[in-house]
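The values are calculated or read from the model by the stated rules, or taken from the named source; none is laboratory data. Given the structure is predicted, the values throughout are model-derived calculations rather than measurements. Neighbour counts are summed over all protein chains in view; Cβ atoms, including those assigned to glycine, are modelled from backbone coordinates with ideal geometry. Only protein heavy atoms, including side chains, enter the accessible area calculation; ligands, DNA and RNA are left aside. Shrake-Rupley method; radii C 1.70, N 1.55, O 1.52, S 1.80 Å.
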Amino acid sequence: MRIILFGPPGAGKGTQAVKLAERLKVPHISTGDILRRNVAKRTKLGQLAQKYMAAGKLVPDDVVIEMTAKRLKEPDAKQGFILDGFPRDLQQAKALDKLTEIDLVINLFLDPEDLVKRSTGRRVCPNCDAVYHFLTNPPKKRDICDNCGSALIQREDDKEDVVRTRIATYDEITAPLVAHYKGKGILRDVYASGHIVEVQHRILEVLPK
Ligand code: AP5
C-alpha cells in the first residue's frame, strides 16, 4: 500500500509512520530524515538545505522532488511505502502524481498549541532517527536512545520561534493540499490527540479492510 502521512509539524507523523511501516512491512520514507542525514554529513544537498530547515522554511522544490523521486525508485519501495513530509506544496504534489499512484492520505490534525508542546519537547536520536518526547514519550534512560544507546539531541528547528514559523509555513503552503487529495477521494482525517497507541488505533480504522 502507498500511503502519505500528512499533517502539521509535531502532529506525530514520524511516530506513527514507524509503527505503520512495521505493520505493513513497507519502508518509512521521511524527507525530513533524509535531509537531516545530508545536513549531518555536510553533503552539497545538506549544505543547501540547512539554512532553510533552521529557519523553518521549505527546502526548494527542485531538490526535494529529485531526492524523493530517487528514493521512491529504490527496490524496497516497489511494494509500497509510508511517505512522511512529502508533498508539501502543489508543485510537489503534481510531481508525485506523475511518479506513482497513492492509495491513501492520512491527514493527522491537532490543536496548534499542542503541536508547539510536542515539537519543543521532542528529543531525537542523531544515529538511528528514533523520536522521543521528554514528557509524553521518554526513553527508558534519560537522554539515551533505547534502540542504539546514542545521546539524544534537540532538533535545531524545535526551538519555539522556529516551530511557530514551521506551523505558519504549513498553514499557508502545505495545508491547501488537503483539497487536492480530497478531490481524489483518498484523504481520511485522523484526530492526533491522545496517547500514541490511541492515535495508532484511529489510523488502523481508516486503512482499507
Ligand atoms: P520534517 O522532519 O518533515 O518535519 P515536520 O513535517 O515539521 O514534522 P515533524 O518531524 O516536526 O513532526 P511529526 O509530525 O513527524 O511529529 P513526531 O512524530 O516527531 O521536516 C523538517 C524540515 O525539513 C522542514 O521544516 C523543511 O525545512 C524540510 N523539509 C522536509 N520535507 C520537505 C519537503 N517535502 N519540501 C521542502 N522542505 C522539506 O512527534 C512530535 C513529538 O510529539 C515527538 O516528541 C513525539 O514523541 C511526540 N508525540 C507523537 N505522538 C504523540 C502522542 N500521540 N501523544 C504525545 N506525544 C506524542
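Distance in nm between label sites at Asn127 and Glu198, each 7 Å beyond Cα in the beta-carbon direction?
Simple spin-label model gives 3.4 nm for this pair.
Ignoring everything except DSSP H segments at least 4 long, calculate the 222 nm mean residue ellipticity for the chain; use -39,500 (n - 2.57) per segment, divide by total residues, nearest 500.
-13000 deg cm²/dmol
Hey, what do the phi angles of the stretch 175-181 turn into as Karplus ³J(HN,Hα) couplings, whole Hz, using 6.51/-1.76/1.60 and θ = phi - 60°, x for Gly and Pro?
Coupling constants for the stretch 175-181: 3, x, 5, 3, 5, 4, 7 Hz.
Let's test the formula: R0 of 41 Å, r as the Cβ-Cβ distance of Leu24 and Gln91. What FRET efficiency results, to the nearest 0.05?
With a Förster radius of 41 Å, E is 0.90.
If you take every DSSP beta bridge whose two residues both sit in the chain, what share of them, in percent to the nearest 5, is antiparallel?
Roughly 25 percent of the DSSP beta bridges within the chain come out antiparallel.
Using alpha carbons only, how many angstrom separate the centre of the stretch 8-33 from the centre of the stretch 67-111?
Spelled out, the Cα-based centre of one part sits 12 Å from the other.
Would you work out which of Cys125, Thr100, Ile167 lies farthest towards the positive end of the dipole of the stretch 28-167, given +1 charges on the beta-carbon of Lys and Arg and -1 on that of Asp and Glu, about the Cα centre?
Of the options given, the answer is Cys125.
Per residue, how much accessible surface does the chain expose to a 1.4 Å probe? Answer in Å², no decimals.
54 Å²
Please work out whether the chain counts as rounded, prolate or oblate from its C-alpha gyration tensor, where a ≥ b ≥ c are the square roots of the eigenvalues and a/c under 1.5 means rounded, while otherwise a/b larger than b/c means prolate and anything else oblate?
It comes out rounded by the Cα gyration axes.
Along the charge dipole of the chain, Cβ charges K/R +1 and D/E -1, which of Ile65, Val197, Val26 sits furthest on the positive end?
Value computed over the given set: Val26.
As I understand it, the dipole of the stretch 5-164 uses +1 on the Cβ of Lys and Arg and -1 on the Cβ of Asp and Glu, about the Cα centre. Which of Thr15, Leu90, Gln154 lies farthest toward its positive end?
Looking along the dipole axis, the top candidate is Gln154.
Using Cα-Cα distances under 8 Å and only pairs 6 or more residues apart, what relative contact order does the stretch 72-170 have, in percent? Before the final figure, lay out each step's value.
Working: 73 pairs, mean separation 20.8, N = 99.
RCO, the stretch 72-170: 21 percent.
Quick one: which residues, 5 or more positions from Ile144 or on another chain, have an amide H under 5 Å from its amide H? H modelled 1.01 Å from N in the peptide plane, none for Pro or chain starts.
Counting only residues 5 or more places away or on other chains, the set is Leu152.
Determine the dipole magnitude for the chain: charges of +1 sit on the beta-carbon of Lys and Arg, -1 on that of Asp and Glu, nothing else is charged, the reference point is the Cα centre, and the result goes in debye to the nearest 20.
560 debye
Hey, rough spin-label estimate for Asp61 and Arg188, points 7 angstrom out along Cα→Cβ, what's it come to in nanometres?
3.0 nm
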